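Asks: Handing you this structure, nothing more for now.
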Amino acid sequence: MGVRMTQHIGLMVLLAALFVAQPIPLKADYTDRPEVLAFISELTDADGFDRAELLGAFEEATYKQSIIDAISRPAERVMTWSTYQDIFLTKARVEQGKAFEQQYRDSFDRAEAKWGVDRWIILAILGVETSYGRIKGRYRVIDALSTLAFDYPPRSGFFRKELRELFLLAREQQKPVAGLVGSYAGAMGYGQFIPSSYRAYAVDFNDDAFIDIWNEPVDAIASIANYLAVHGWQKNGPILVPMTSKAALPIDFFNQQLKPALSAEKLTEAGIALNESLLDWPALKAAPLRYEGKAGVETWLGFQNFYSITRYNRSRLYAMAVFQLSQRLKAAAS
């Protein structure tokens, strides 16, 4: 790349000038592609969509290289726990969350009572995902999912399913599909639900007969609670506890998997001290976790509720950010 730029610097400068003067549209011409036409046929045959409407949607869909760039460098690969701390565990995010919880306290009360999910975890997810609705994403979801479904081979199958779910969701909610906006991966609203999660787990909680997590915080609070409950949240159960051990443990003892797998007996055999309150939980299992944070190495035990958070976003860094933000939010409110 560097050699070619040196050899053809004049041409590159000219091309750069042309790009500035006459931006080339990024239309992907999706309706000219056989795989897109086959996808349209699937939706018309299986789901009863109008072919002309689908063709119109894909004529409008735009390829976004920035989406490919973003998904090719996920945060889990390029960010450390120390970086997460700088981003999510801030005074501003705590203060904003405190105000949000006060404003919607009745909804948090009702959601906690119905689903048994800790309000501070719900609130922290809203804080991590969108800063309590301030940052919901800037991409049209039709652009994001079309780009990923047809121009990102590593996960094209998954995103084609989500693209179908998007059309079904737009039809159910009577929304123009081109008007839906979200993240580069097609997640939407206060809680950043992908289309399949929106259809499966989002709920109406303000009794207006319309499920709206794009603009209705009350529905978003309940939808996150429902999602976590469906994914195994244990009411009043442990989430994470700092780990103490009688002996040094090898590094490969940690971060083996997100799902808790080690029994209390196995943990005790490894020299790990367990609080008596933890032993009250039947069939207790834990996942040993290791983080390198701003204060150095941290070791933790993650339980079922930690795993439930990772079903929302399959990242131990994400789940730890949610947990520690929830603790700060709870402390700020007391």
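The values are calculated or read from the model by the stated rules, or taken from the named source; none is laboratory data. As the structure is a prediction and not an experimental result, all values here were calculated from the model. Because the Cβ atoms are built from the backbone with ideal geometry, glycine has one as well, and the counts that use them run over all protein chains shown.
Asks: Quick check: is even one residue across region 59-82 free of Cβ contacts under 8 Å to residues at least 60 places away in the same chain, under 19 Å from VAL177 (Cβ atoms) and assigned to a helix (DSSP H, G or I)?
Replies: yes
Asks: Assuming PHE205 fulfils every condition listed in (1) aromatic (Phe, Trp, Tyr); (2) under 15 Å from the mean Cα position of the chain (by Cα); (3) surrounded by fewer than 24 Cβ atoms within 10 Å (Cβ to Cβ) apart from one, which condition is it?
Replies: Going through (1) aromatic (Phe, Trp, Tyr); (2) under 15 Å from the mean Cα position of the chain (by Cα); (3) surrounded by fewer than 24 Cβ atoms within 10 Å (Cβ to Cβ) one by one, PHE205 breaks only (2).
Asks: Tell me the strands (runs of 3 or more DSSP E) entirely within region 229-334 that contain at least 1 residues that are β-branched (Val, Ile, Thr).
Replies: In region 229-334, 240-242, 296-302 are the strands (runs of 3 or more DSSP E) which contain 1 or more residues that are β-branched (Val, Ile, Thr).
Asks: Return the total of residues in region 233-275 being free of Cβ contacts under 8 Å to residues at least 40 places away in the same chain and within 24 Å of TRP120 (Cα to Cα).
Replies: Qualifying residue count, region 233-275: 1.
Asks: Oh, and also: Hey, any hits in region 309-318 for a residue that's over 16 Å from the mean Cα position of the chain (by Cα) and closer than 23 Å to PHE253 by Cβ?
Replies: no
Asks: Scan region 294-334 for residues that are hydrophobic (A, V, I, L, M, F, W, C) and surrounded by fewer than 22 Cβ atoms within 10 Å (Cβ to Cβ) and jot them down.
Replies: If the condition is that a residue be hydrophobic (A, V, I, L, M, F, W, C) and surrounded by fewer than 22 Cβ atoms within 10 Å (Cβ to Cβ), then ALA295, VAL297, TRP300, PHE303, LEU317, PHE323, ALA331, ALA332, ALA333 are the ones that fit.
Asks: When ILE122 is evaluated against the numbered criteria (1) under 19 Å from VAL36 (Cβ atoms); (2) aliphatic (A, V, I, L, M); (3) buried (at least 20 other Cβ atoms within 10 Å of the Cβ), which criterion, by number, is the only one it fails?
Replies: Looking at each condition in turn, ILE122 falls short on (1).
Asks: Here's a check for you: in region 165-221, which residue that is part of a helix (DSSP H, G or I) and of a type in the set (D, E, K, R) is farthest from TYR63 (Cα to Cα)?
Replies: ASP219
Asks: Please determine, by comparing only the residues of region 244-254 that are loosely packed, with under 14 Cβ neighbours inside 10 Å and not small (Gly, Ala, Ser), which one is farthest from ARG316 (Cα to Cα).
Replies: The selected residue is LYS246.
Asks: Can you work out which of the residues in region 125-176 that are surrounded by fewer than 24 Cβ atoms within 10 Å (Cβ to Cβ), polar (S, T, N, Q) and at pLDDT 95 or above is farthest from ILE40 (Cα to Cα)?
Replies: Among those residues, the one meeting the criterion is SER131.
Asks: Now a separate question. Are any residues in region 132-147 more than 13 Å from GLN192 (Cα to Cα) and either under 16 Å from the mean Cα position of the chain (by Cα) or not in a helix (DSSP H, G or I) (or both), and if so, which ones?
Replies: ARG140, ALA144, LEU145
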